[in-house]
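The values are calculated or read from the model by the stated rules, or taken from the named source; none is laboratory data. In this text the structure is predicted, and so the values were computed from the model without any measurement. Quick reminder, even Gly has a Cβ in these numbers, built from the backbone with ideal geometry, and neighbours come from all protein chains shown.
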Amino acid sequence: MTAAQRGHQVVLFERQAELGGQFNYARKIPGKEEFNETLRYYRVMLEKYAVDIRLNSKASVEELVTFDEVVLATGVQPRQLAIPGADHPSVLSYAEAIREPQRVGHKVAVIGSGGIGFDVAELLVNQVPTALDINAWCDEWGVDLEINQAGGLKAPQHPASAREVVMLQRKTSKPGKNLGKTTGWVHRASLKQHGVTMLAGCEYLQIDDQGLHIRHQDTVQVLAVDSIVVCAGQESVRDLLGPLEKAGIRVQIIGGAEEAAELDAKRAIEQGTQVAAAL
Amino acid sequence: MTAYPHIFQPLQLGPLTLPNRVLMGSMHTNLEESPNGFARLAHFYAERARAGVGLIVTGGIAPNPEGAVFHGANALIDDSQLAEHRQVVDAVHREGGHLCMQILHAGRYAYSPELVAPSAIQAPINRFTPRALDSDEVEQQIADYVRCARLAQQAGYDGVEIMGSEGYLINQFICQRTNQRDDQWGGSFENRIRFAIEIVSRVRKAVGKNFALIFRLSMIDLVEEGSTHEEVVALAKAIESVGADALNTGIGWHEARVPTIVTSVPRAAFTQVTQKLRSEVTLPLITTNRINMPEVAEQVLAQGHADMVSMARPFLADPEWINKAEEGRADEINTCIACNQACLDHTFAGKLTSCLVNPRACHETELVVTPAAKIRQVAVVGVARRDLRQP
């Protein structure tokens, strides 16, 4: 968008049927409905600045050699588990779970307690999108807008949970430690209100018809769950990089394709803007 | 003909005639303490004033060093500092905007070992325990507010906003939760609000009529032993009687265990709290929290919840919010998604505030988007994920 705003002639190749990448997952999480606005903004501005958008199209090296500049924003793919039974039918990637939550059973283990693990858990336990309903939200958090008592507090009513969820992580640190400083406590409190349990310091052993086998505090146990959702990070997608470099094309890589360690829309947008401002 | 007739109706706020009903609310950006920070702040605010923001309130400036939000954060205490403030004021005035300086004393929220408060009760979100002020020191604190307001007037600001909410010093005097004094500044409700009343009253006397005075009043504390609604009403009336020009809304103390501004809070969730005061006072009331799009602001105003809306983060996300709304281009607004990732999370980590959806925010002088010198063919290759194990 920034490149086109500056007058460049921009073609945007998108392999999927819709623009937005990881934002299309975020916007489906209860409490993250605002992400729809960002997608709307880019849709409108890309049209305004006449960006040539080619959906469902994988750019080929032959096509790309004809451009003056190539920016790779090919993003990430979810990392898969490498344990016996990782291909068991009960296992889903976070992308699958978010796109098709109806495939997720009643008892669920979420592997990985980073930002995506928290988001997936939120999606799986929520029945009412309280961010869209002031009264339901006030009940959940114990807010009395009539201020009948000092401070405007009332007894919170914890909502019924749609599923029984246990969140696991390999690290021994507090789950959600790396969430945002001013927002992490809200996510932790919300999941606690929905009865989500969290286990840190887990070793994942195998998956079979019994469920997920883990070692936790030196004890081997089986979590008898219906579904296992893998939120164990992601890997950069840059299979175009080698061929493009071989063809002698100068390429700039931004966002998750450059560094996938933590999904980071902030860095991706910043890098995109900086690269475009310098073209 | 605008689609938002209530937003684009002029408002008289004390001596100020404002073109619309939107206030750009106070945000600490950390530029206040950065090298060349005031020059950069001038660009940041001027860009917003140029695009139609009628009234801006600056980030909180302390009336004395012990009241600063963290050790070394900006305090306006003498006239050697006026020149840097004038840079910002002049830049906003050149664009036709108005600028009020917020006076914020953090009290027991100050992240520094010198912190002071009505009583020596540690805040659950601070590792430092405050020292209780003695009666003379309370008088000195009030004098510091007055000095700060006079300096702001000398710097050319159009007014001040006195921060009385969010659990900061004034709010700490008002509520029993943090005020266990037994002198004239504690005990009864009349004594607990005396600090707020004296500040507003003496500031008004010092600055005269032709200077806007906004008081930010905590209308729902969201903590135990917070104010009752009757106390909020009584305080609002008392503040009105000593010369404030408008009341801005404060929602929740920082230590509240209720989220008040994150994205999962419903839009305009708290505006009815402001509305409850409308029949009690005649001052213009400003409401706030999770108002991010013109249709939301318009509805809040049309419903009569307030006379004006305050938005802070939405002006990080899009400096041109006002112009786009006024020109019927609301779909071009880069919306604040209330993620906090590049604003508040940065501020608390000691980094410069910016915005996830607008990385130019507070980097106006560095990340400059200009027309290209030579037009190029650019290919951007988007998401090529292969995340589905297709059956």
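Here are the numbers for this structure:
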quantity: All positions within the stretch A:48-83 that are without any contact (Cβ under 8 Å) to a residue 40 or more places away in the chain and β-branched (Val, Ile, Thr); calculated: A:Thr66
quantity: Criterion (at pLDDT 95 or above, more than 27 Å from B:Asp345 (Cβ to Cβ) and either more than 9 Å from every other protein chain (Cβ to nearest Cβ) or crowded, with 23+ Cβ neighbours inside 10 Å (or both)) met by exactly one of B:Leu285, B:Leu222; calculated: B:Leu285
quantity: Residue within the stretch A:140-148 that is crowded, with 24+ Cβ neighbours inside 10 Å, within 14 Å of another protein chain (Cβ to nearest Cβ) and not in a loop (DSSP other than H, G, I, E, B) present; calculated: yes
quantity: Segments classed as helices (runs of 4 or more DSSP H), wholly inside the stretch A:1-76, with at least 3 members that are in the same structural domain as A:Gly248 (by TED's automatic domain parsing) and surrounded by fewer than 21 Cβ atoms within 10 Å (Cβ to Cβ); calculated: A:35-48, A:61-64
quantity: Hits in the stretch B:310-329 (condition: over 15 Å from A:Tyr41 (Cβ atoms), buried (at least 23 other Cβ atoms within 10 Å of the Cβ) and more than 17 Å from the chain's Cα centre (by Cα)); calculated: B:Ile322
quantity: Which numbered condition A:Gly195 fails, given (1) touching a Cys at 6+ places or on another chain (Cβ under 7 Å); (2) assigned to a loop (DSSP other than H, G, I, E, B); (3) of a type outside the set (D, E, K, R); calculated: (1)
quantity: Selection count, the stretch B:342-373, where residues are within 23 Å of B:Val69 (Cβ to Cβ), buried (at least 20 other Cβ atoms within 10 Å of the Cβ) and facing chain A (nearest Cβ under 7 Å); calculated: 4
quantity: Residue check, A:Ser60 more than 10 Å from every other protein chain (Cβ to nearest Cβ) and under 27 Å from A:Glu140 (Cα atoms); calculated: no
quantity: Strands (runs of 3 or more DSSP E) enclosed by the stretch A:215-279 - at least 1 residues per element that are of a type in the set (S, T, N, Q), touching a residue at least 24 places away in the same chain (Cβ under 8 Å) and surrounded by 18 or more Cβ atoms within 10 Å (Cβ to Cβ); calculated: A:227-230, A:234-236, A:251-253
quantity: Residue tally, condition at the interface with chain B (Cβ under 7 Å from one of its Cβ atoms) and either β-branched (Val, Ile, Thr) or without any contact (Cβ under 8 Å) to a residue 60 or more places away in the chain (or both), over the stretch A:22-38; calculated: 4
quantity: Leading residue by the ranking (farthest from A:Ile214 (Cα to Cα)) among those in the stretch A:96-112 that are charged (D, E, K, R) and part of a helix (DSSP H, G or I); calculated: A:Arg99
quantity: Residues within the stretch A:77-94 that are closer than 30 Å to A:Ala276 by Cβ, crowded, with 21+ Cβ neighbours inside 10 Å and not aromatic (Phe, Trp, Tyr), tallied; calculated: 1
quantity: Some residue of the stretch A:152-170 being under 29 Å from B:Val232 (Cα atoms) and either in a helix (DSSP H, G or I) or small (Gly, Ala, Ser) (or both); calculated: yes
quantity: Residue in the stretch B:271-287 that is farther than 30 Å from B:Ser34 by Cα, of a type outside the set (Asp, Glu), within 18 Å of the chain's Cα centre (by Cα) and assigned to a loop (DSSP other than H, G, I, E, B) present; calculated: yes
quantity: Within the stretch A:178-203, considering residues that are among the polar types (S, T, N, Q) and within 14 Å of chain B (Cβ to nearest Cβ), the one farthest from B:Cys343 (Cα to Cα); calculated: A:Gln193
quantity: Tally of residues being surrounded by fewer than 16 Cβ atoms within 10 Å (Cβ to Cβ) and either under 24 Å from the mean Cα position of the chain (by Cα) or not small (Gly, Ala, Ser) (or both) across the stretch B:132-142; calculated: 5
quantity: Residue that is farthest from the chain's Cα centre (by Cα), among those in the stretch B:247-259 that are surrounded by fewer than 24 Cβ atoms within 10 Å (Cβ to Cβ) and more than 9 Å from every other protein chain (Cβ to nearest Cβ); calculated: B:Glu255
